[in-house]
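First up is the structure itself, then whatever we jot down about it.
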Amino acid sequence: MLGFLQGFAYGLWVSCMPWLILGMVRPHWALPTDPPRRWQLFLRYGLIAPSIAMVSWLTSLWGGLEPSLAGWLCGLAAIPLSVWVERGLRRHRKQSLVRMEQQARQAEQARRLAEQNKAKQESGLLVLDPERPPPGADELVRALCELKRGLLQVSDPVSAAQVDRLYSRYVRVNDLIRARFDVRELAYQRALGLVQEVSHAATGRLEELLRERTSTAGMDLDYVRHRLFASGEALSAGERKALERRLELVEEGERRARELVAANEAALTALDDTAVAVSRIDTRRQHTGAAADDALQELQQFAANAERYSRTR
């Protein structure tokens with residue numbers, strides 16, 4: 001045992017200087033820290049490792065001067081093995097911290113969304129349960145439930161809240177139309193058709209938004225930016241190109257998602273305009289003659305607005 005310890009001390013002494021020189025040329029090869037610092041080289045290979053070797057050698061003197069080959073080989077392998085193990089532990093710790101930060105952000109987003117939903121629900125916002133569609137739900141409402149479930153699964157509570165807002169306006173406008181018009185009137189069919197058209201267009205954009213979120217769900221934008229701009233580590237041309245392409249894909253997805261959300265906000269505004277226009281129709285008059293003409297004029301104006309709002313930017 002003492003011979004092994006003495007051989008280990010000799011092997012560790014011999015390997016300190018080559019690793020110090022290698023670290024001066026390529027710091028990230030000889031140091032597990034990110035980013036590597038040259039002062040750490042002198043601390044690790046000029047003080048800590050030689051001190052360990054000195055203590056091991058002094059301890060082994062009780063057995064005389066009989067270093068073993070196995071100890072010497074282990075001493076040579078001690079530094080690269082320690083660098084590899086420490087680098088893995090640091091990577092694991094960093095990934096754990098990133099996961100904890102992501103979970104904390106998701107929990108904070110969920111908390112804020114819950115607060116927003118609570119405030120909006122008190123103002124009349126209807127909240128869809130993605131697992132249990134409302135009784136008598138039509139095809140569009142069932143599609144909105146599926147979309148909300150998917151958006152929550154990809155951790156996009158903001159877009160999931162937009163699903164609730166679209167559903168609330170869809171229900172409110174349809175209720176107003178049914179209350180203001182007779183089912184036999186042309187204005188009734190025209191109004192329902194327009195609302196369906198705008199709502200289906202908004203639903204289609206939400207489906208495209210879900211596809212964008214799903215395609216980039218596994219890409220960690222913070223990690224890519226850290227590797228490219230903040231790590232200080234020399235990257236190969238292939239790795240840099242791959243990271244830059246990944247960053248470009250994520251940014252394109254985010255830009256497209258913002259465009260879809262903005263287009264849907266315009267569609268929600270169109271539905272609000274319709275609700276106001278329909279509610280202003282004077283129901284005290286019979287829906288014949290001038291009253292029907294007024295209603296159709298309001299809805300024709302909305303049709304022009306809805307066509308403009310339904311275009312994506």
Would you call S82 over 55 Å from the mean Cα position of the chain (by Cα), in the same structural domain as P36 (by TED's automatic domain parsing) and surrounded by 12 or more Cβ atoms within 10 Å (Cβ to Cβ)?
no
Which of the residues spanning region 144-160 are under 16 Å from the mean Cα position of the chain (by Cα), aliphatic (A, V, I, L, M) and in a helix (DSSP H, G or I)?
L151, L152, V158, A160
Quick one: R132 ticks every box in (1) modelled with pLDDT of 85 or more; (2) under 23 Å from the mean Cα position of the chain (by Cα); (3) surrounded by fewer than 16 Cβ atoms within 10 Å (Cβ to Cβ) bar one, so which box is it?
(2)
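Please enumerate the residues belonging to region 168-215 that are of a type in the set (V, I, T) and part of a helix (DSSP H, G or I).
Residues satisfying the conditions are V171, V173, I177, V195, V198, T203, T214.
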Out of region 45-56, which residues are of a type outside the set (S, T, N, Q) and either surrounded by fewer than 19 Cβ atoms within 10 Å (Cβ to Cβ) or farther than 14 Å from V14 by Cα (or both)?
G46, L47, I48, P50, I52, M54, V55
Flag if L31 is in contact with a helix residue (DSSP H, G or I) (Cβ under 6 Å, 6 or more places away or on another chain) and without any contact (Cβ under 8 Å) to a residue 60 or more places away in the chain:
yes
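The values are calculated or read from the model by the stated rules, or taken from the named source; none is laboratory data. Because the structure is predicted, anything quoted here is derived from the model rather than measured. Cβ sites come from the backbone with ideal geometry, for glycine too, and all protein chains shown count toward neighbours.
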